[in-house]
Amino acid sequence: MTDRYDVIVVGAGILGLATAWTLLGDRPGSRVAVVDKEHRVAAHQSSHNSGVIHAGVYYAPGSAKARLCRAGKSQLEEFCASRGIPVLHNGKVIVAVDEAELPGLAELARRAARNEVEGLRELDAADVRRLEPNVRALRGLHSPRTGVVDFRLVCRVLASEIRERGGELHLGRAVEAIEERPGEVVVGTARGELMAGRVVTCAGLQSDRVAAMTGDAGDERIVPFRGSWYVLRRPELVNGNVYPVPDPRLPFLGVHLTPRIDGSVWVGPNAVLSPAREGYRRGTVDVRDLADTLRFGGFWRLAGRYAASGARELVEDRSRHLYARAVQRYVPDVSAADLAAGPTGIRAQSVAADGSMVEDFSIGGSGRVLHVRNAPSPAATSSLAIARDLVDRLPDR
Ligand SMILES: Cc1cc2nc3c(=O)[nH]c(=O)nc-3n(C[C@H](O)[C@H](O)[C@H](O)COP(=O)(O)OP(=O)(O)OC[C@H]3O[C@@H](n4cnc5c(N)ncnc54)[C@H](O)[C@@H]3O)c2cc1C
């Protein structure tokens, strides 16, 4: 094995893997390595998510999210179909349960139309009932081509094809420094240095720290938001994905019901500030992570803006009954007894110094190093299109 590469990708989540896979497909024979601090691929966000292949309903028309979600969805579906990875197009209904939510639903319908979401249909109360007999709503929006997939499996297949194409995976190898020298980049790890012509970083929850290694973190920091799910003991209550109208001021979609590829139904995720970027058990505190968040002025501005909704989420997070009550707004039959404790994920959300959440995907960097700085949902859906975008920014040699 050489320690000199054409391209080193930092991060073996879905974005890093998709980038290496795309590079090796475009430029067979190039020397590509993916380096991750964990001992397995997809250890963080890429295996702790809802598994939804989003159809592009929510995103501001013209944004990178709108463009790359649409392109990425079809590329991902084609990838899965040709590899026998199961995808279930179980559709999604977004429901407005009171008058106050109708303008929000109408805005989503407008966005979805401009984003050319396939098969989108506006529903009245009776239409919603026909699709989802246990859901109560005034009106809804149906996206029949929304689907679900196991993103962890997608990552495993990408990893094995990277190896088949001659790429290398260096797992259990944390990147500690990235230094540009004339004509090359030196990637410092606990197990020695690696050299590369170019470096692409896709470090998820650590993306601001990794960008800071080349002085490219800007004024944005990752603020980690934990999302926990319950598993619905009565999966027969829904046929497809059921979502509320999201709060337009928040980049999170609200607690929803997601039938998984394995037949289970997850309820969630909520969104509460996490005191650890990679601590999946409630109550885990990482002193460095917490101190970084509390030292960041943007966090305090954000907290001031969302004090009320943040406090409500925190209270609901502690109470199965309150969580059930949030779902009962649109699925009245769900009771606290129907909710079994489920898994947890942590979102890497970039926040600017003024306290605003960075909504769109963001890629930065200078010289020979490219950093993915903000890649929240729907980045898993969009992964192959984001990878294409990244690879197109790398010169051939
Ligand atoms: C709760 C939740 C629900 C979601 N639901 C959906 C959904 O339904 N549909 C959808 O499309 N998207 C969803 N997403 C978003 C999606 O999961 C992420 O956008 C996507 O997985 C990001 O991939 P990534 O490769 O950037 O990050 P990650 O998967 O987090 O990978 C980053 C990798 O970088 C590695 N790394 C970090 N620092 C270093 C270092 N110093 N050295 C070496 N390696 C390092 C980490 O170990 C990790 O493996 C959800 C996310 C969450 C958290």
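Cβ-Cβ contacts under 7 Å between residues 6 or more apart (or on different chains), taken from a first residue in the range 13-39 that is on the phi > 0 side of the Ramachandran plot to a second residue that is part of a loop (DSSP other than H, G, I, E, B) and within 13 Å of the ligand (Cβ to nearest atom), are absent. Can you tell which of ARG277, ARG305, ARG282 is out of contact with any Phe, Trp or Tyr (no Cβ under 7 Å at 6 or more places or on another chain), of a type in the set (Lys, Arg), within 18 Å of LEU250 (Cβ to Cβ) and surrounded by 13 or more Cβ atoms within 10 Å (Cβ to Cβ)? Within the list ARG277, ARG305, ARG282, the selection yields ARG305.
Those strands (runs of 3 or more DSSP E) of the range 326-397 in which at least 2 residues are among the hydroxyl-bearing types (Ser, Thr, Tyr), considering only elements entirely within it, cover 339-351, 362-366.
With respect to the conditions (1) at pLDDT 95 or above; (2) more than 16 Å from the ligand (Cβ to nearest atom), GLN349 lacks only one, and its number is (2). For the range 373-390, state whether one or more residues are free of Cβ contacts under 8 Å to residues at least 60 places away in the same chain and within 22 Å of the chain's Cα centre (by Cα). No; the residues of the range 373-390 include none that is free of Cβ contacts under 8 Å to residues at least 60 places away in the same chain and within 22 Å of the chain's Cα centre (by Cα). When the range 264-274 is filtered for residues that are open to solvent by less than 50 Å² (accessible area, probe 1.4 Å) and free of Cβ contacts under 8 Å to residues at least 60 places away in the same chain, the ones remaining, listed by number, are SER264, VAL265, ASN270, VAL272.
Applying the condition of being open to solvent by 20 Å² or more (accessible area, probe 1.4 Å) and more than 18 Å from the chain's Cα centre (by Cα) to the range 199-219 and asking which residue is farthest from the ligand (Cβ to nearest atom) yields ASP219. Checking each residue in the range 81-98 for being surrounded by fewer than 18 Cβ atoms within 10 Å (Cβ to Cβ) and among the small types (Gly, Ala, Ser) picks out ALA81, SER82, GLY84. Taking VAL391 as the residue in question, decide whether it is at pLDDT 95 or above, closer than 26 Å to PRO275 by Cβ and surrounded by 17 or more Cβ atoms within 10 Å (Cβ to Cβ). So VAL391 does not fit the description; no. Pairs are defined by a Cβ separation below 6 Å, a sequence spacing of at least 6 or placement on different chains, a first member in the range 157-180 that is on the phi < 0 side of the Ramachandran plot, and a second member that is assigned to a loop (DSSP other than H, G, I, E, B) and of a type in the set (D, E, K, R); the pairs so defined are LEU171/ASP36; ARG173/ARG191; ALA174/LYS37; GLU180/ARG368. Filter the range 22-42 for residues that are among the β-branched types (Val, Ile, Thr) and touching a strand residue (DSSP E or B) at 6+ places or on another chain (Cβ under 9 Å); which is nearest to the ligand (Cβ to nearest atom)? Checking each candidate, the answer is VAL35.
Within the range 226-242, the set of residues being over 18 Å from the mean Cα position of the chain (by Cα), within 26 Å of ARG281 (Cβ to Cβ) and buried (at least 22 other Cβ atoms within 10 Å of the Cβ) comprises TYR230, LEU232. What about GLU180, is it open to solvent by 40 Å² or more (accessible area, probe 1.4 Å) and under 26 Å from SER47 (Cβ atoms)? No, not satisfied. Screening ARG156, ARG152 for residues that are under 23 Å from the mean Cα position of the chain (by Cα), under 28 Å from VAL351 (Cβ atoms) and either surrounded by 16 or more Cβ atoms within 10 Å (Cβ to Cβ) or within 9 Å of the ligand (Cβ to nearest atom) (or both) leaves exactly one candidate, ARG152. Taking the range 43-57 as the region of interest, how many residues are assigned to a loop (DSSP other than H, G, I, E, B) and near the ligand (Cβ under 6 Å from one of its atoms)? Counting residues in the range 43-57 that are assigned to a loop (DSSP other than H, G, I, E, B) and near the ligand (Cβ under 6 Å from one of its atoms) gives 7.
The values are calculated or read from the model by the stated rules, or taken from the named source; none is laboratory data. Keep in mind that this is a model prediction, so the values were computed, not measured. Positions of Cβ are backbone-derived with ideal geometry, glycine not excepted, and every protein chain shown enters the neighbour counts. When the accessible area is computed, the model is the full protein with side chains, heavy atoms only, and any ligands, DNA or RNA have been set aside. Shrake-Rupley method; radii C 1.70, N 1.55, O 1.52, S 1.80 Å.
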